[in-house]
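The values are calculated or read from the model by the stated rules, or taken from the named source; none is laboratory data. Computed from a predicted structure; not experimentally measured. Note: ideal-geometry Cβ built from the backbone for every residue, glycine included; neighbour counts use all protein chains shown.
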Amino acid sequence: MVYQNLHADVYLEGDIAEALTLLTAAAKSSKLDAVAIEARRQRWTREHQDYVAGLRAEREKAQNGSAIDPLSLLGALAEVMPADTIYVDETITHSTLIRQHLPQTTPQSFFRGSGGLGQGIGTALGIKLAAPQRPVALLVGDGSFLYNPIIQALGASKRHELPIIIIVLNNKKYEAMRKGHVHHYPDGASASKELHYGVTIDGPDYEKLGSHFGFHGERIENRAELAPALTRALAATREGRTALLNAVVTR
């Protein structure tokens, strides 16, 4: 039953693969207006190029100064990581930026857990098990990271030889909690008195948590350190070791 039309003119229900096969055959056998198709292609090519240029300008703006903006981190990923890297996202505050700016150009390259926080490392390990030849990088906020069974998951990575890169976007706060306070209780004490309990995170040295298993770890505080640290993390995974990068971000 179709219950959301999402502005579609026509809905075709059924098996996805079979439906696409039949639609492709129907499209190829129909009379196509080549001029209209070319005009439409040119229009949307321009739209896409303008959109990509806008994103590029945002990343370039984030290169100013020595601090790490999440956009400068995403720019470093584009510079260092292989094109077939699979990214797993378990952020909240930075999730929109990540979806817009991640350098993914191949299928099956972006995954996000569902149902709640604390699944990021397990999801990344499962994806590495399914795609052992591809690099796997988990992007996770420090608040989200602490929901995970960290030691157990790192132990599984060691035991089952599933090396991944874990990048903690560490802004030292549970920003989603603060936003939730204000959103749900706009007239409450959190908004009027700026009392945001549970927001500030006095976390551990995330980069050291893998030391129990002989894993690679680095704390990154300056933008210039991003690309070299990612290069070393990638080399560690090729040696069979998971890498934890504690990236101190500005927002």
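Can you say whether K193 is assigned by TED's automatic domain parsing to the domain that holds A137, of a type outside the set (S, T, Y), over 20 Å from A137 (Cα atoms) and touching an Asp or Glu at 6+ places or on another chain (Cβ under 8 Å), as far as the supplied structure shows? Don't jump to the end; show me each part of the working.
Details: assigned by TED's automatic domain parsing to the domain that holds A137: yes; of a type outside the set (S, T, Y): yes; over 20 Å from A137 (Cα atoms): yes; touching an Asp or Glu at 6+ places or on another chain (Cβ under 8 Å): no.
Against the criterion (assigned by TED's automatic domain parsing to the domain that holds A137, of a type outside the set (S, T, Y), over 20 Å from A137 (Cα atoms) and touching an Asp or Glu at 6+ places or on another chain (Cβ under 8 Å)), K193 does not qualify.
Tally the residues that are within 22 Å of L234 (Cβ to Cβ) and assigned to a helix (DSSP H, G or I), restricting the search to the stretch 38-81.
Matching residues across the stretch 38-81 total 12.
Among the residues of the stretch 129-147, write down those that are closer than 22 Å to N171 by Cα and touching an Asp or Glu at 6+ places or on another chain (Cβ under 8 Å). Spell out how you get there, then give the answer.
Within the stretch 129-147, the subset closer than 22 Å to N171 by Cα is 137-147.
Within the stretch 129-147, L138, L139, V140, G141, G143, S144, F145 qualify.
Condition first: among the hydroxyl-bearing types (S, T, Y) and within 24 Å of V136 (Cβ to Cβ). Now tell me which residues in the stretch 54-84 satisfy that. Step through it out loud before you land on a result.
Of the stretch 54-84, the ones among the hydroxyl-bearing types (S, T, Y) are 66, 72.
S72, the sole residue that qualifies.
Do the conditions hold for E79, that is, is it in the same structural domain as E175 (by TED's automatic domain parsing) and within 30 Å of G180 (Cα to Cα)? Before you say what the answer is, go through the steps one by one.
Numbers: in the same structural domain as E175 (by TED's automatic domain parsing): yes; within 30 Å of G180 (Cα to Cα): no.
Answer is no for this residue.
For the subset of the stretch 138-172 comprising residues that are part of a loop (DSSP other than H, G, I, E, B) and touching a strand residue (DSSP E or B) at 6+ places or on another chain (Cβ under 6 Å), which member is nearest to V249 (Cα to Cα)?
The qualifying residue nearest to V249 (Cα to Cα) is N171.
Residue-wise test of (1) at pLDDT below 95; (2) farther than 24 Å from L129 by Cβ; (3) assigned to a helix (DSSP H, G or I).
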{"position": "K31", "(1), (2), (3)": "yes, yes, no"}
{"position": "A36", "(1), (2), (3)": "yes, yes, yes"}
{"position": "L97", "(1), (2), (3)": "yes, yes, yes"}
{"position": "P103", "(1), (2), (3)": "yes, no, no"}
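Return yes when G126 is in contact with an Asp or Glu (Cβ under 7 Å, 6 or more places away or on another chain) and assigned by TED's automatic domain parsing to the domain that holds G75 and no when it is not. Walk me through how you get there before you give the answer.
Numbers: in contact with an Asp or Glu (Cβ under 7 Å, 6 or more places away or on another chain): no; assigned by TED's automatic domain parsing to the domain that holds G75: yes.
No; evaluated as a whole, the condition is false for this residue.
Would you mind telling me which numbered condition in (1) within 9 Å of the chain's Cα centre (by Cα); (2) within 16 Å of L55 (Cβ to Cβ); (3) not aromatic (F, W, Y) T105 fails?
Result: T105 fails condition (1) only.
Mind listing whichever residues of the stretch 218-235 are surrounded by fewer than 20 Cβ atoms within 10 Å (Cβ to Cβ), of a type in the set (G, A, S) and closer than 27 Å to G126 by Cβ?
Passing the criteria: only A235.
Which residue pairs have Cβ atoms under 6 Å apart, sit 6 or more places apart or on different chains, and have a first residue in the stretch 1-12 that is in a loop (DSSP other than H, G, I, E, B) and a second that is modelled with pLDDT of 60 or more?
Cβ pairs passing all conditions: V2/Y11; L12/A19.
Going through the stretch 27-42 one residue at a time, which ones are surrounded by 10 or more Cβ atoms within 10 Å (Cβ to Cβ) and either touching a Ser or Thr at 6+ places or on another chain (Cβ under 9 Å) or among the aliphatic types (A, V, I, L, M) (or both)?
The answer is L32, I37, A39.
Checking the condition closer than 20 Å to G240 by Cα and among the polar types (S, T, N, Q), which residue from T123, T93 passes? Write out each step before concluding.
Numbers: T93 fails: closer than 20 Å to G240 by Cα.
Only one candidate qualifies: T123.
Return the residues of the stretch 126-137 that are touching a strand residue (DSSP E or B) at 6+ places or on another chain (Cβ under 8 Å) and either at pLDDT below 95 or surrounded by 15 or more Cβ atoms within 10 Å (Cβ to Cβ) (or both); say none if nothing qualifies.
Our first condition is that a residue be touching a strand residue (DSSP E or B) at 6+ places or on another chain (Cβ under 8 Å); within the stretch 126-137, this holds for 127-128, 131, 134-137.
Listed by number, the residues that qualify are I127, K128, R134, P135, V136, A137.
Only one of L74, L6 is surrounded by 11 or more Cβ atoms within 10 Å (Cβ to Cβ) and either closer than 23 Å to N222 by Cα or not aromatic (F, W, Y) (or both); which? Step through it out loud before you land on a result.
Working: L6 fails: surrounded by 11 or more Cβ atoms within 10 Å (Cβ to Cβ).
Selected residue: L74, the only one of L74, L6 that is surrounded by 11 or more Cβ atoms within 10 Å (Cβ to Cβ) and either closer than 23 Å to N222 by Cα or not aromatic (F, W, Y) (or both).
So, A176, is that one among the aliphatic types (A, V, I, L, M), assigned to a strand (DSSP E or B) and in the same structural domain as A233 (by TED's automatic domain parsing) or not? Let's see the steps before the verdict.
Values: among the aliphatic types (A, V, I, L, M): yes; assigned to a strand (DSSP E or B): no; in the same structural domain as A233 (by TED's automatic domain parsing): yes.
So A176 does not fit the description; no.
Within the stretch 147-188, can you find the residues that are in contact (Cβ under 8 Å) with a residue 24 or more places away in the chain and among the hydroxyl-bearing types (S, T, Y)?
Result: Y147, S157, Y174.
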